[in-house]
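J.: Sharing a structure below in structure tokens format, with a few things to ask.
The values are calculated or read from the model by the stated rules, or taken from the named source; none is laboratory data. Quick caveat: nothing in here was measured; it's all calculated off a predicted structure. Please note: Cβ atoms are built from the backbone with ideal geometry, for glycine as well, and neighbour counts cover all protein chains shown.
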Amino acid sequence: MAMYQSTNRLAGLAIATLLLVVVYSAYSNPIDRDTAEQKDSVVDRERQVEQRQRELSDLRRELSLLKNASNTRAYPEVKIRNEFDRKRILITGGAGFVGSHLVDVLMRDGHEVTVVDNFFTGRRKNVEHWIGHPHFELVMHDVVEPYMMECDEIYHLASPASPPHYMYNPVKTIKTNTVGTMNMLGLAKRTGARVLLASTSEVYGNPTVCLKAMQSIAFAITVPLRRRCPYVHPQPETYFGNVNPDGPRACYDEGKRIAETMCYAYSKQSGVEVRVARIFNTFGPRMHIGDGRVVSNFIIQALQDQAITVYGEGLQTRSFQYVSDLVAGLIALMNSDFDEPVNLGNPDEYTMIDFAKHIKEITGSSSEIIHKPATQDDPQKRKPDISRARQVLKWEPKVSVLDGLKRTIEYFRHELSAPTTRDENKHSHGVGGPYGNTIELPYINDEKKP
Ligand SMILES: O=c1ccn([C@@H]2O[C@H](COP(=O)(O)OP(=O)(O)O[C@H]3OC[C@@H](O)[C@H](O)[C@H]3O)[C@@H](O)[C@H]2O)c(=O)[nH]1
């Protein structure tokens with residue numbers, strides 16, 4: 001009987017357990033199933049997202065290839081050179097007015113060009129037509145800091161060149177021309193590159209004959225022949241110059257003089273190959289509207305029928321060369337075997353008053369010509385003696401001043417018609433640097449001065 005009862009109890013327990021299992025599975029399985037389905041759908045979504053991402057990156061790659069292809073078509077044509085012929089060329093200040101024209105010629109000639117520029121007066125716009133080209137690199141860098149790269153040639157142009165710009169921050173101008181030049185010469189020493197220094201006619205200062213020479217017998221004899229002109233005129237490379245070391249122009253004039261000295265010290269002591277170009281007044285397209293030098297000032301004033309400002313009486317002279325002639329001269333000098341300084345300029349000489357009249361005439365302007373006070377230490381005579389360049393480089397200017405001016409006037413006409421923010425600077429004196437900023441300079445000598 002007891003046995004029968006316990007069997008019944010066991011059977012009851014088994015049935016109850018079975019019922020529990022059935023009920024549990026009836027209610028619990030759908031929940032698990034839902035969770036599993038949800039997991040599957042998340043995985044699916046993840047796969048879809050990955051797929052879309054792959055498609056997107058394929059599209060991006062395609063787009064960039066298309067862009068590159070269209071860019072390639074837009075580049076100016078370049079000469080094809082093999083690895084032995086193609087030089088790696090560094091141009092400091094290569095985004096500036098002269099530098100960018102040099103970039104164009106060297107790029108078209110099939111070389112690899114790296115431009116280093118701090119954009120103080122240089123502009124990306126001047127070289128943007130090369131950006132993305134496999135032979136071209138634009139690096140924002142200040143030459144006052146060392147720069148390392150492998151190269152065969154260095155054109156060292158970095159420095160503000162317009163008087164209002166180099167006087168804007170004289171200490172920086174000195175550093176650029178001293179420390180900057182030392183850095184480039186150091187780089188040349190390490191890489192074996194040849195360096196061309198863009199020096200200047202300003203190393204001659206105001207080219208008067210010194211008093212000692214005036215007292216000499218030789219001078220007394222030659223005075224009548226020189227029609228009693230106390231100037232060394234035109235200036236040959238052998239003239240040592242007459243620079244005021246403490247004046248407002250000294251940061252540039254003396255900066256370039258010591259830069260030349262450094263070149264020859266590195267050449268003598270370390271065997272660095274150097275070339276020194278003494279560049280006379282140069283003009284052409286890509287001069288900035290706020291450049292502040294005489295050619296751009298006169299043209300802009302004439303085109304806007306504003307007064308043309310002649311500093312002083314206007315009897316001081318300058319000789320102007322067109323930028324393409326300068327670039328040809330720089331390249332000829334770099335490729336020559338000649339390591340002494342060489343003047344590069346056009347001997348076509350004007351007094352500033354005549355030059356103002358000339359610009360007024362060519363532009364057909366109704367501007368009046370006015371006089372402003374003379375600027376301190378302004379060289380009174382300047383004209384290059386280019387016998388050396390003719391002899392050793394077989395170089396001489398090809399573009400007449402008139403032709404060059406016509407091209408430059410067209411360029412400025414176009415610049416002035418472009419949308420501008422010049423209204424913001426309407427109180428400026430027409431000089432900028434950094435561009436767009438108003439500079440108060442003793443050099444400008446405006447009537448606001450006490
Ligand atoms: O609006 C102006 C600007 C300038 N000038 C005069 O024009 C002459 C030329 O002056 P710029 O400012 O063009 O240039 P500078 O000749 O004084 O210096 C230049 O020399 C050669 C290069 O190395 C440099 O580009 C620059 O330093 C100066 O006599 C100056 O007083 C004017 O009469 N009116």
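J.: Would you point out which residue out of Val392, Val327, Val323, Val294 is of a type outside the set (Gly, Ala, Ser) and surrounded by fewer than 16 Cβ atoms within 10 Å (Cβ to Cβ)?
T.: So the residue among Val392, Val327, Val323, Val294 that is of a type outside the set (Gly, Ala, Ser) and surrounded by fewer than 16 Cβ atoms within 10 Å (Cβ to Cβ) is Val392.
J.: Then there is this: How many residues are within 20 Å of the chain's Cα centre (by Cα) and part of a loop (DSSP other than H, G, I, E, B) when one looks only at the range 265-319?
T.: 12
J.: With the checklist (1) at pLDDT 95 or above; (2) farther than 25 Å from Gly122 by Cβ in hand, flag the one item Lys448 doesn't pass.
T.: Lys448 satisfies every listed condition except (1).
J.: To continue, here is another question. Determine if the range 185-194 includes at least one residue that is outside any helix (DSSP H, G or I) and more than 24 Å from Ile331 (Cβ to Cβ).
T.: no
J.: Those residues that are at pLDDT below 80 and within 30 Å of Ala161 (Cβ to Cβ), I need them from the range 214-250; list them, please.
T.: The initial filter retains those residues of the range 214-250 that are at pLDDT below 80, namely 214-229.
Matches in the range 214-250: Cys229 only.
J.: Next question, about the same structure. Determine which member of the set Glu153, Glu202, Glu128 is at pLDDT 95 or above, over 19 Å from Ala250 (Cβ atoms), more than 13 Å from the chain's Cα centre (by Cα) and charged (D, E, K, R). Break it down stepwise before answering.
T.: Numbers: Glu202 fails: over 19 Å from Ala250 (Cβ atoms); Glu128 fails: more than 13 Å from the chain's Cα centre (by Cα).
Of the residues listed, the single one that is at pLDDT 95 or above, over 19 Å from Ala250 (Cβ atoms), more than 13 Å from the chain's Cα centre (by Cα) and charged (D, E, K, R) is Glu153.
J.: Moving on. Any idea which residue in the range 354-371 is nearest to Glu237 (Cα to Cα), counting only those that are within 11 Å of the ligand (Cβ to nearest atom) and over 31 Å from the mean Cα position of the chain (by Cα)?
T.: Among those residues, the one meeting the criterion is His371.
J.: Within the range 83-114, how many residues are over 20 Å from Gly180 (Cβ atoms), out of contact with any His (no Cβ under 8 Å at 6 or more places or on another chain) and modelled with pLDDT of 95 or more?
T.: Total satisfying the criteria: 7.
J.: Looking only at residues that are in a helix (DSSP H, G or I) and polar (S, T, N, Q) in the range 99-129, which one is surrounded by the fewest Cβ atoms within 10 Å (Cβ to Cβ)?
T.: Selected residue: Asn126.
J.: Search the range 395-419 for residues being aliphatic (A, V, I, L, M) and within 24 Å of Glu202 (Cβ to Cβ), and hand back the single one that is surrounded by the fewest Cβ atoms within 10 Å (Cβ to Cβ).
T.: Here is the first cut: in the range 395-419, the ones aliphatic (A, V, I, L, M) are 399, 401-402, 405, 409, 416, 418.
Now drop any that are not within 24 Å of Glu202 (Cβ to Cβ), which leaves 399, 401, 405.
Numbers: Val399: 18, Val401: 20, Leu405: 23.
Only one residue fits best here, namely Val399.
J.: Please go through the range 306-323 and give me each residue that is polar (S, T, N, Q) and either within 10 Å of the ligand (Cβ to nearest atom) or touching a strand residue (DSSP E or B) at 6+ places or on another chain (Cβ under 9 Å) (or both), ordered by number.
T.: Those that are polar (S, T, N, Q) and either within 10 Å of the ligand (Cβ to nearest atom) or touching a strand residue (DSSP E or B) at 6+ places or on another chain (Cβ under 9 Å) (or both): Thr309, Gln316, Thr317, Ser319, Gln321.
J.: Starting from the range 362-387, take each residue that is without any contact (Cβ under 8 Å) to a residue 24 or more places away in the chain and list its partners that are more than 10 Å from the ligand (Cβ to nearest atom) and assigned to a helix (DSSP H, G or I), counting only C-beta distances under 9 angstrom and pairs at least six apart or across chains.
T.: Close Cβ pairs (under 9 Å, with a partner that is more than 10 Å from the ligand (Cβ to nearest atom) and assigned to a helix (DSSP H, G or I)) amount to Gly364/Ala302.
J.: Among the residues of the range 262-303, how many are at pLDDT 95 or above and more than 9 Å from the ligand (Cβ to nearest atom)?
T.: Within the range 262-303, residues that are at pLDDT 95 or above and more than 9 Å from the ligand (Cβ to nearest atom) number 24.
J.: So which residues in the range 302-353 are touching a residue at least 24 places away in the same chain (Cβ under 8 Å) and among the charged types (D, E, K, R)?
T.: Asp305, Glu313, Arg318, Asp325, Asp339, Glu340, Asp348, Glu349
J.: Okay, moving on. Hey, can you tell me all the residues within the range 372-388 that are within 14 Å of the ligand (Cβ to nearest atom) and at negative phi? Show your work before the answer.
T.: The first filter runs over the range 372-388 and keeps only residues within 14 Å of the ligand (Cβ to nearest atom), leaving 372-384.
Lys372, Pro373, Ala374, Thr375, Gln376, Asp378, Pro379, Gln380, Lys381, Arg382, Lys383, Pro384 - these are the residues of the range 372-388 that are within 14 Å of the ligand (Cβ to nearest atom) and at negative phi.
J.: I'd like the residue in the range 130-142 that is surrounded by 17 or more Cβ atoms within 10 Å (Cβ to Cβ) and out of contact with any strand residue (DSSP E or B) (no Cβ under 7 Å at 6 or more places or on another chain) and, out of all such residues, is nearest to Lys175 (Cα to Cα).
T.: Out of the qualifying residues, it is Asp142.
J.: Test of understanding: among Thr181, Thr176, which residue is buried (at least 24 other Cβ atoms within 10 Å of the Cβ), more than 30 Å from Glu77 (Cα to Cα) and touching a Pro at 6+ places or on another chain (Cβ under 9 Å)?
T.: Checking each option against the conditions leaves just Thr176.
J.: Assess whether Ala193 counts as being surrounded by fewer than 24 Cβ atoms within 10 Å (Cβ to Cβ), modelled with pLDDT under 95 and either farther than 27 Å from Phe320 by Cβ or touching a Cys at 6+ places or on another chain (Cβ under 8 Å) (or both).
T.: So Ala193 does not fit the description; no.
J.: Looking only at the range 330-350, filter to residues that are over 21 Å from Asp403 (Cβ atoms) and within 14 Å of the ligand (Cβ to nearest atom); which one of those is surrounded by the most Cβ atoms within 10 Å (Cβ to Cβ)?
T.: Going through the qualifying residues, I end up with Asn343.
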